[in-house]
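K.L.:
One structure, as structure tokens, below. Some questions next.
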Amino acid sequence: MMDKIPSFERLVESFSRLPGIGKKTAQRLAYYVLRSKNNFTEEFREAIKQVKELINECPTCYTYTENEGDCYYCVDVDRRNDMFCVVEDPADIQQLESSGAFKGRYHVLHGAINPLDGVGPDDLRIKQLISRIKSQATDGEEPIKEVILALDANLEGDTTALYLAKALSEFDIQVSRIAHGVPIGGHIDYVDHRTLGKALENRIVL
């Protein structure tokens, strides 16, 4: 039986450590790798190797990039310099970009404040955000007018948003947070009470 083969079990265990991958999905992935031709496994291994070797953090906004210097978003001259959007993870930028609604600059925190997991403000890129705002105000660049907090709608996101709002209160800038509520096309009877509460709080005047 396959579950008694140590090398196969190690592969299943490795896949199951990925976020969102359960035991059964990990087994299916391991079987696929086992049945695949050698060229697939070589390409897969090389892709993982290159991701670890070539990708690094942008020194300005802290998203991921293969550039030696700033990332694609930071070097884009068509983006607004007076507006920052703060996100928890680099993947969040892709979601925001797909909406086409934001044309400013980004800043990645690489997580959210979570005392239960031992993640505090100093573990995030919060000091770097404040430093960016200060330096832009003193270096003769266009000052920041607004910082948008595009954080998850959970306890950790709420805690981080409150901390950032307080930390940024020393600056003459507007701090806002993306609205949370009923999704477009959603039915109220299928919406949980917390989301519905947020929708009422974020209601607009018609």
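The values are calculated or read from the model by the stated rules, or taken from the named source; none is laboratory data. All values derive from a computational prediction rather than experimental measurement. Here Cβ is always computed from backbone atoms with ideal geometry, including for glycine, and neighbour counts include all displayed protein chains.
K.L.:
Select, from Val119, Val182, the only residue that is outside the structural domain of Val86 (by TED's automatic domain parsing) and either closer than 22 Å to Lys103 by Cα or surrounded by 14 or more Cβ atoms within 10 Å (Cβ to Cβ) (or both).
P.N.:
Val182
K.L.:
Let me ask something else. Those residues that are exposed (fewer than 15 other Cβ atoms within 10 Å of the Cβ) and either over 27 Å from His193 (Cβ atoms) or not aliphatic (A, V, I, L, M) (or both), I need them from region 144-175; list them, please.
P.N.:
Lys145, Glu146, Asn154, Lys166, Ser169, Glu170, Asp172, Gln174
K.L.:
Under the condition of being in a loop (DSSP other than H, G, I, E, B) and of a type in the set (Gly, Ala, Ser), which residue from region 64-117 is nearest to the chain's Cα centre (by Cα)?
P.N.:
Gly111
K.L.:
Residues to consider are Thr60, Thr41; find the one that is touching a helix residue (DSSP H, G or I) at 6+ places or on another chain (Cβ under 8 Å), modelled with pLDDT of 95 or more and farther than 22 Å from Lys166 by Cα.
P.N.:
Every option except Thr60 fails the conditions.
K.L.:
Might you check whether a residue that is out of contact with any strand residue (DSSP E or B) (no Cβ under 8 Å at 6 or more places or on another chain) and either β-branched (Val, Ile, Thr) or at pLDDT 95 or above (or both) occurs anywhere in region 135-150?
P.N.:
For region 135-150, residues out of contact with any strand residue (DSSP E or B) (no Cβ under 8 Å at 6 or more places or on another chain) and either β-branched (Val, Ile, Thr) or at pLDDT 95 or above (or both): present.
K.L.:
Let me ask something else about it. What are the residues in region 10-32 that are under 24 Å from Asp89 (Cα atoms), of a type in the set (D, E, K, R) and modelled with pLDDT under 95, if any?
P.N.:
none
K.L.:
Cβ-Cβ distance below 7 Å, separation of 6 or more or different chains: which pairs start in region 114-131 with a residue that is more than 17 Å from Asp158 (Cα to Cα) and end on one that is modelled with pLDDT of 95 or more and charged (D, E, K, R)?
P.N.:
Within 7 Å, no pair qualifies.
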